[in-house]
Amino acid sequence: MSTNIRPGVVIFTGDHRRLAKFYEAVTDLPISLNDDQITVLKSATFELVIHSVPHISPVSEPPRVREDTFIKPFFPVKSLAEARARAAQFGGRLRPAEQEWSARGFRACEAVDPDGNVIQFREEVDTPSKTDWS
């Protein structure tokens, strides 16, 4: 098995540069490739590919939240409070702190990226909880 291949996610969008700026700011994943069609952000263990597709319509303001999908990527962050502030600066939003929840050694919060994709951010916590299995 090749060690150059990592697990990852591809997110399709009408504007890969705009969406990549959001993910770079909130997740601290560095950009490793940026061309006319894709931006790749990656770490030693994960790769996020933001891929422009010309036929995707421009995103409405505010974006329509896409809650009817059957997959939700989640991303580790150092701090949910910091992620909430950064997300807002780059066109996304996390739910209010009162809606955060804990499970299996992390605290989580649902979020929406600038395209309306529902995602989740998780920060590590010291004491595991059996509150939720999401």
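The values are calculated or read from the model by the stated rules, or taken from the named source; none is laboratory data. Everything numeric in this text was worked out from a predicted model, so none of it was measured. Glycine also receives a Cβ, built like all others from the backbone with ideal geometry; neighbour counts cover every protein chain displayed.
When you scan the range 48-68, do you find a residue that is among the hydroxyl-bearing types (Ser, Thr, Tyr) and at pLDDT 95 or above, even just one? Checked the range 48-68: no residue is among the hydroxyl-bearing types (Ser, Thr, Tyr) and at pLDDT 95 or above. Using the structure shown, decide if ARG86 is surrounded by 14 or more Cβ atoms within 10 Å (Cβ to Cβ) and more than 23 Å from PHE12 (Cα to Cα). Against the criterion (surrounded by 14 or more Cβ atoms within 10 Å (Cβ to Cβ) and more than 23 Å from PHE12 (Cα to Cα)), ARG86 does not qualify. Select, from LYS72, LYS42, LYS78, the only residue that is closer than 17 Å to LYS21 by Cβ and either surrounded by 18 or more Cβ atoms within 10 Å (Cβ to Cβ) or under 14 Å from the mean Cα position of the chain (by Cα) (or both). Just a single option satisfies the conditions, and that option is LYS42.
Selection of the range 45-64 for residues being surrounded by fewer than 12 Cβ atoms within 10 Å (Cβ to Cβ) and either under 14 Å from VAL112 (Cα atoms) or not hydrophobic (A, V, I, L, M, F, W, C) (or both) yields THR45, PRO54, HIS55, SER57, PRO58, SER60, GLU61, PRO62, ARG64.
For the range 119-134, taking the residues that are within 21 Å of GLU67 (Cα to Cα) and at pLDDT 95 or above, the one that is surrounded by the most Cβ atoms within 10 Å (Cβ to Cβ) is identified as PHE121.
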